[in-house]
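A short write-up of the structure that comes next.
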Amino acid sequence: MISFLKIHEWLNKEKKLGSLEPEYVVLATASKEGIPSTRVVHIREINEKGILFFTQQETKKVIDLSENPYASMTLWLPMQQREVVLDGCAEKLTIDEKKRYWESMSRERQLRFMVNSLKIRKTKISLDDLNKEYDYFLNKFRGEEIPMSDFYSGFCFVPKTMYFYTLASNGFSEIEFCP
Ligand SMILES: Cc1cc2nc3c(=O)[nH]c(=O)nc-3n(C[C@H](O)[C@H](O)[C@H](O)COP(=O)(O)O)c2cc1C
């Protein structure tokens, strides 16, 4: 099993050097025809198996990963001039795994997720309408638990290889492959 210790060490060092939230990666996916596409996602958790991220059900990354689970992630740590490149597969989280994370979110984030999923489905929706939708959900669920959105999707990215790169000022960059 791959160890995430070095990633934790590098993330902690990035925070010590002043980065408030370095846990963002560029996630590359490819369609079943092999057409690549990239975007930034927030690492929400690193467990013993892999790296968890969450997204909206109807996005390109979900469509790509449903057809082709191979993916790649790059974590860029500018304070240290370092990168970690991870290649592997993304596995869809089960409803129970998603629920555990949904329930750990603040009400505000849950509501924002719901409103953002409207934005993805309706290409033209004004900020005013988004605020109205937010207030609508706020009132609808006042005093109750907010149920997990049907559009809430999450993945565990399981790396098969990891590559650690440090850009050195002397021109001799440090490179380490795992495993
Ligand atoms: C700093 C930052 C963090 C982001 N975090 C996420 C995230 O955790 N999940 C997500 O689905 N999209 C996130 N996004 C938006 C994605 O980069 C992307 O635009 C969106 O998910 C649509 O991607 P897709 O249609 O290619 O799948 C983030 C964007 C930025 C700039």
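Any read-out appearing in this document is the output of simple, stated calculations on the displayed coordinates, not a laboratory observation. What you see is a predicted model, and the numbers here were worked out from it, not measured in a lab. Don't worry about glycine lacking a Cβ; one is built from the backbone with ideal geometry, like all the others, and counts go over all protein chains shown.
Normalised by the number of residues in the range 33-179, what is the relative contact order in percent for Cα pairs under 8 Å and 6+ residues apart? Don't jump to the answer; show the numbers that get you there.
On the way: 188 pairs, mean separation 49.0, N = 147.
The value is 33 percent.
Lys and Arg at +1, Asp and Glu at -1: add these up for the other residues within a Cβ distance under 14 Å of M79 and post the number.
On the way: positive: K13, K15, K16, R82; negative: E9, E14, E21, E23, E83.
Cβ neighbours under 14 Å give a net charge of -1.
Sticking with the crude label model, points 7 Å out along Cα→Cβ, report the distance from K160 to I63 in nm, one decimal please.
Inter-label distance under the simple model: 2.6 nm.
With the crude spin-label approximation of a point 7 Å out along Cα→Cβ, what separation in nm comes out for L167 versus L130?
3.2
For the chain, what does -39500 (n - 2.57) per DSSP helix run (n ≥ 4), summed and divided by total residues, give at 222 nm, in deg cm²/dmol to the nearest 500?
Details: 5 runs with 59 residues, N = 179.
Result for the chain, helices only: -10000 deg cm²/dmol.
Straight-line reach only, C-alpha to C-alpha below 29 angstrom: list the lysines that K16 could link to, leaving out same-chain residues fewer than 8 apart.
Straight-line reach from K16, under 29 Å: K6, K49, K160.
Could you give the dipole magnitude of the range 29-178 about its Cα centre, charging the beta-carbon of Lys and Arg +1 and that of Asp and Glu -1, in debye to the nearest 20?
Values: 22 positive and 22 negative charges, 86 e Å.
Magnitude of the dipole: close to 420 debye.
Tell me which of W10, T55, Y70 sits at the most positive position along the dipole axis of the range 1-97, charges placed on C-beta atoms (Lys, Arg +1; Asp, Glu -1).
After comparing all options, I get W10.
Just subtract the alpha-carbon distance of Y70 and V26 from 0.36 nm times their residue separation and send over the number in nm, one decimal.
Working: separation 44, 0.36 × 44 = 15.84 nm, distance 1.43 nm.
Once the chain is fully extended between Y70 and V26, it gains 14.4 nm.
Rank F155, M79, L118 by how far each Cα sits towards the positive end of the charge dipole of the range 24-159 (+1 on Lys, Arg Cβ; -1 on Asp, Glu Cβ) and give me just the farthest.
L118
For the range 68-123 and the range 37-55, what is the separation of their Cα centres, given in Å?
About 5 Å separates the Cα centre of the range 68-123 from the one of the range 37-55.
Counting other Cβ atoms within 10 Å of each Cβ, which GluC sites (Glu not before Pro) in the range 56-122 have at most 12 and sit in a DSSP loop?
On the way: sites: E58, E67, E83, E91, E97, E103, E108; in loops: E58.
Passing sites in the range 56-122 are E58.
Label point 7 Å out from F177 along Cα-to-Cβ: which residues of the range 82-107 have amide N under 14 Å?
Label zone hits: 85-87.
Restricting things to alpha carbons, tell me how big the range 65-159 is in terms of Rg and Dmax, in Å.
Values for the range 65-159 (Cα only, Rg and Dmax): 17.1, 47 Å.
Using the alpha carbon gyration tensor of the chain, what are the three equivalent-ellipsoid semi-axes (square root of 5 times each eigenvalue), largest first, in whole Å? Before the final figure, lay out the partial values.
On the way: eigenvalues 215, 71, 52 Å².
In descending order the semi-axes read 33, 19, 16 Å.
For the range 103-179, rounded, prolate or oblate, judged on the Cα gyration tensor with a ≥ b ≥ c (square roots of eigenvalues), a/c < 1.5 rounded, else prolate if a/b > b/c?
Working: a/c = 3.38, a/b = 2.48, b/c = 1.36.
Prolate.
At what distance in nm do the modelled label points of L138 and I120 sit from each other, each positioned 7 Å from its Cα along Cα→Cβ?
Each label point lies 7 Å from its Cα, and together they span 2.4 nm.
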